[in-house]
Amino acid sequence: MAKETKSSAELAREERKARIEKASEAQEVKKEKKANQSKAQKRAKWLVPTIVVVVALVLALLYYFGVPHRAFAAVKFDNGTKVTVAEYEYYYKAVYNNLANTSYQYEQYYGAYYGEGAGAMMTGFDYAKTPKAQEFTLTEEDTGIALDTEKYGENPTWADFLKEYSIQQAREINAIYDAAVKDGTKITDEEQAEIDEQIEELRSSAAESNYSLNAYLMQTYGRGMNEKMLRKIMEKQTIASAYITAKEEEFTNAVSDDDIQKEFKENPGAYKSIDLYYFSFDAEVATNVEAQEATETTEAVEGTNYTDEELAAMTKKNKEEAKANADEFYAAASIDNFASLALQYAPEDSKDYYDPSSDSFSEAAYLAEDVTGDTLTQYFSEDITNWAYDDARQVGDKYLATIEEDDGCVSYIIVALGSLPTTDDTLQPVAVRHILFALTEEKETTDEDGNAITETVEKRTAEEAYAEAEEVMNAWVKDGAKEEDFITLASEKSEDPGSADNGGLYEDITTTSTYVEPFMDWCFAEGRKVGDYGIVETEYGAHIMYMSSISDKTLWQQDIITALATNASNDFYDGIVTDKAYDGKVSNGLINRTSNRIEKYAEKVVANLKSQMEAANAESEALQTVS
């Protein structure tokens with residue numbers, strides 16, 4: 001019997017019927033299960049999705065208020081210490097804000113002199129760009145941070161540097177803090193009061209902006225920051241700083257007379273000083289001005305393209321002319337005629353510095369007085385230092401040195417010895433505090449043409465200044481004449497911008513210092529002792545004086561003490577911060593997210609600073625138009 005053949009349509013209907021029957025059976029099973037569900041099971045059907053929504057909302061709120069940022073570790077050291085995301089962001093944001101504001105301020109103050117980009121030129125950081133938008137061009141010598149080229153490539157950005165710097169800063173502060181606590185260092189009542197005062201200042205700023213303190217801190221220092229965490233960070237920084245300061249003082253006090261003599265014998269050039277006459281003839285490399293502006297010693301003419309051979313010939317000629325002039329100067333030079341020769345050979349635009357009849361004249365243009373060998377090496381060369389400090393040297397000896405720079409430029413420097421290397425054992429430095437009541441002050445005003453000018457105006461008469469100084473001093477004396485109170489008064493009342501923030505302190509004053517005569521006379525009056533006080537009148541106003549310390553060491557001995565103590569402090573510091581216990585795991589994911597978040601923050605900062613700069617420039621242009 002032949003098999004019945006079904007059409008494709010019939011086959012499709014049968015498959016559809018089978019699927020419907022199967023679906024109906026499944027539906028019946030569902031109905032049966034639903035009928036047999038408990039009340040708890042029925043509630044759970046709606047409760048589970050609700051819980052998911054609520055959990056999502058809670059997590060979102062926790063994230064918004066920074067709870068994970070205070071809990072998760074951006075860096076975890078091998079000893080168990082961790083740096084939370086919030087703490088890491090605090091360090092990152094702090095250094096970014098400092099860089100941006102410093103660059104902006106330099107741009108404001110020096111842009112008129114050096115042109116647009118002065119801030120970036122002077123700091124390496126461009127306030128008008130976010131960290132990721134600008135290449136990091138500083139060196140390890142500049143910053144103390146070496147960026148891994150395998151990690152960041154050959155052209156790292158400032159964001160890359162800020163990541164590494166913030167990690168390093170967190171490492172150092174935590175390491176020093178732990179060492180300080182282990183050594184028994186605690187925060188003092190005075191330090192705690194200073195922290196409280198800073199917090200209250202932030203609270204006032206928050207109120208002015210209609211923020212709660214914690215909301216303001218989150219906006220300012222990053223998500224996760226609140227008063228409790230900020231206090232913890234500030235206390236940690238305060239204790240770490242106090243610990244290092246105490247150690248520096250400890251190392252200073254530990255330097256013995258034997259240590260001083262040993263260091264002096266090993267490095268006499270660092271502490272013996274000389275007088276040295278000098279003059280330089282410089283030969284620069286010739287360049288096409290289309291690629292680089294030509295200097296006065298370059299023969300290139302604007303708009304001209306010289307071949308490499310022609311430029312090489314010009315460079316050779318520059319060097320030959322400079323060397324010929326140097327040879328002539330050297331042959332004729334002595335310490336008696338050095339000044340006149342310097343004037344004769346000085347470039348026309350610099351002659352005023354060498355001309356005794358000019359207001360711009362200064363012996364420093366050709367005479368380095370009382371300089372140490374280290375200074376000579378820094379500003380001239382090690383070759384000149386070795387010559388000057390050779391035991392065979394005599395006053396009047398002269399030397400022609402050739403210094404070749406990395407860029408191909410050459411300097412021919414003639415030097416003549418004005419004095420033999422020696423130490424001055426009469427220079428015993430003193431440290432003085434003062435509070436100035438100034439006779440004048442500077443005020444911003446405009447001239448008759450509407451130009452903005454700074455004008456010096458009288459603030460008080462000499463009699464009024466003396467009366468104010470006397471009143472403050474008498475009240476201080478009545479209260480016990482304590483130095484710590486004088487420091488506070490100086491920070492509150494002194495009108496000397498150079499010392500008010502430092503408790504009115506000037507250190508390392510010797511009889512050769514260049515302070516005004518009445519000031520110096522008081523410092524070195526016969527019988528002067530620590531704790532003395534009085535009022536001195538100078539051309540600047542009335543000064544309340546306080547003798548803080550009189551060293552029993554000479555200035556060069558004091559320099560040795562400082563050098564040895566600094567070396568010991570640096571070794572101690574390095575020993576703490578390089579401790580392997582503070583190696584550890586870095587959460588690159590969290591750190592990168594923090595960097596991205598601060599990049600968004602930086603965009604707002606850049607926009608704000610640009611707006612301020614545009615407004616300032618517009619105001620300046622308007623004033624110029626009026627004038």
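The values are calculated or read from the model by the stated rules, or taken from the named source; none is laboratory data. The shown structure was predicted, so the numbers you read here are calculated from the model rather than taken from an experiment. All Cβ positions, even for glycine, are placed from backbone atoms using ideal geometry, and neighbour counts span all protein chains on display. Heads up: the accessible areas ignore ligands, DNA and RNA and are worked out on the full protein's heavy atoms, side chains in. Shrake-Rupley method; radii C 1.70, N 1.55, O 1.52, S 1.80 Å.
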Applying the selection to region 460-502, what residues are in contact with a strand residue (DSSP E or B) (Cβ under 9 Å, 6 or more places away or on another chain) and among the basic types (Lys, Arg)? ARG460, LYS493
Quick test of your reading of the structure: SER551 fulfils all but one of (1) among the small types (Gly, Ala, Ser); (2) closer than 19 Å to VAL430 by Cα; (3) without any contact (Cβ under 8 Å) to a residue 40 or more places away in the chain. Name the failing condition by number. (3)
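So that you can scan it fast, the table gives a plain yes or no per residue for (1) in contact (Cβ under 8 Å) with a residue 60 or more places away in the chain; (2) over 20 Å from VAL83 (Cβ atoms); (3) aliphatic (A, V, I, L, M):
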site: LEU147; (1), (2), (3): no, no, yes
site: GLU154; (1), (2), (3): no, yes, no
site: GLU164; (1), (2), (3): no, no, no
site: ILE167; (1), (2), (3): yes, no, yes
site: ALA170; (1), (2), (3): yes, no, yes
site: ASN174; (1), (2), (3): yes, no, no
site: ALA180; (1), (2), (3): yes, no, yes
From the options ILE187, ILE195, ILE176, residue that is touching a helix residue (DSSP H, G or I) at 6+ places or on another chain (Cβ under 6 Å), within 27 Å of THR220 (Cβ to Cβ) and either open to solvent by 40 Å² or more (accessible area, probe 1.4 Å) or outside any helix (DSSP H, G or I) (or both): ILE187
Residues satisfying the stated conditions in region 291-333, i.e. at pLDDT below 85 and under 28 Å from LEU343 (Cα atoms): GLU293, ALA294, THR295, GLU296, THR297, THR298, GLU299, ALA300
Out of the residues in region 203-224 that are among the hydrophobic types (A, V, I, L, M, F, W, C) and without any contact (Cβ under 8 Å) to a residue 24 or more places away in the chain, state the one that is most open to solvent (accessible area, probe 1.4 Å). ALA207
Condition check for TYR582: aromatic (Phe, Trp, Tyr) and open to solvent by less than 50 Å² (accessible area, probe 1.4 Å): yes
Residues satisfying the stated conditions in region 227-262, i.e. surrounded by fewer than 16 Cβ atoms within 10 Å (Cβ to Cβ) and closer than 30 Å to ALA388 by Cα: SER256, ASP257, ASP258, ASP259, GLN261, LYS262
Look through ALA159, ALA146 and report the one residue that is closer than 18 Å to GLU89 by Cα and out of contact with any Gly (no Cβ under 9 Å at 6 or more places or on another chain). ALA159
Would you pick out the residues in region 416-439 that are in contact with an Asp or Glu (Cβ under 9 Å, 6 or more places away or on another chain) and either closer than 30 Å to THR287 by Cα or among the acidic types (Asp, Glu) (or both)? ASP424
Of everything in region 68-86 that's at pLDDT 85 or above and not in a strand (DSSP E or B), which residue is most open to solvent (accessible area, probe 1.4 Å)? ASP78
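Looking at region 402-419, which of its residues are in a strand (DSSP E or B) and either surrounded by 17 or more Cβ atoms within 10 Å (Cβ to Cβ) or hydrophobic (A, V, I, L, M, F, W, C) (or both)?
We begin by selecting, within region 402-419, every residue in a strand (DSSP E or B); these are 402-404, 410-417.
Passing the criteria: ILE403, VAL410, SER411, TYR412, ILE413, ILE414, VAL415, ALA416, LEU417.
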Pick from LYS272, LYS265: which is surrounded by 17 or more Cβ atoms within 10 Å (Cβ to Cβ) and modelled with pLDDT of 80 or more? LYS272
Within region 373-395, can one find any residue that is surrounded by fewer than 16 Cβ atoms within 10 Å (Cβ to Cβ), at pLDDT 90 or above, among the β-branched types (Val, Ile, Thr) and closer than 20 Å to LEU417 by Cβ? yes
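One line per residue, one yes/no per condition, for (1) open to solvent by less than 40 Å² (accessible area, probe 1.4 Å); (2) within 16 Å of ALA401 (Cβ to Cβ); (3) over 42 Å from the mean Cα position of the chain (by Cα); (4) aromatic (Phe, Trp, Tyr):
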| site | (1), (2), (3), (4) |
| --- | --- |
| LYS319 | no, yes, no, no |
| GLU348 | no, no, no, no |
| TYR354 | yes, no, no, yes |
| ASP359 | no, no, no, no |
Of residues in region 125-142 being part of a helix (DSSP H, G or I) and in contact (Cβ under 8 Å) with a residue 60 or more places away in the chain, the one most open to solvent (accessible area, probe 1.4 Å): LYS132
State yes or no: is LYS228 in a helix (DSSP H, G or I), over 25 Å from the mean Cα position of the chain (by Cα), closer than 18 Å to SER205 by Cα and at pLDDT 90 or above? yes
For region 422-446: of the residues being surrounded by 19 or more Cβ atoms within 10 Å (Cβ to Cβ) and not β-branched (Val, Ile, Thr), which is modelled with the lowest pLDDT? LEU427
If I filter region 275-295 for residues that are open to solvent by less than 30 Å² (accessible area, probe 1.4 Å), over 30 Å from GLU321 (Cα atoms) and touching a residue at least 24 places away in the same chain (Cβ under 8 Å), do I get at least one hit? no
Condition test on SER340, is it within 25 Å of SER273 (Cα to Cα), assigned to a loop (DSSP other than H, G, I, E, B), modelled with pLDDT of 95 or more and open to solvent by less than 90 Å² (accessible area, probe 1.4 Å)? no
Here are LYS580, LYS604: which of them is basic (Lys, Arg) and either at pLDDT below 90 or more than 30 Å from GLY117 (Cβ to Cβ) (or both)? LYS580
Give the residue that is most open to solvent (accessible area, probe 1.4 Å), with candidates limited to residues of region 472-483 that are part of a helix (DSSP H, G or I) and more than 15 Å from ALA438 (Cα to Cα). LYS478
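Residue-wise test of (1) in a helix (DSSP H, G or I); (2) surrounded by fewer than 12 Cβ atoms within 10 Å (Cβ to Cβ); (3) modelled with pLDDT of 90 or more; (4) not hydrophobic (A, V, I, L, M, F, W, C).
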position	(1), (2), (3), (4)
THR511	no, no, no, yes
GLY527	no, yes, yes, yes
ALA542	no, no, yes, no
TYR546	no, no, yes, yes
ILE560	yes, no, yes, no
THR566	yes, no, yes, yes
ASP571	yes, yes, yes, yes
ASN608	yes, no, yes, yes
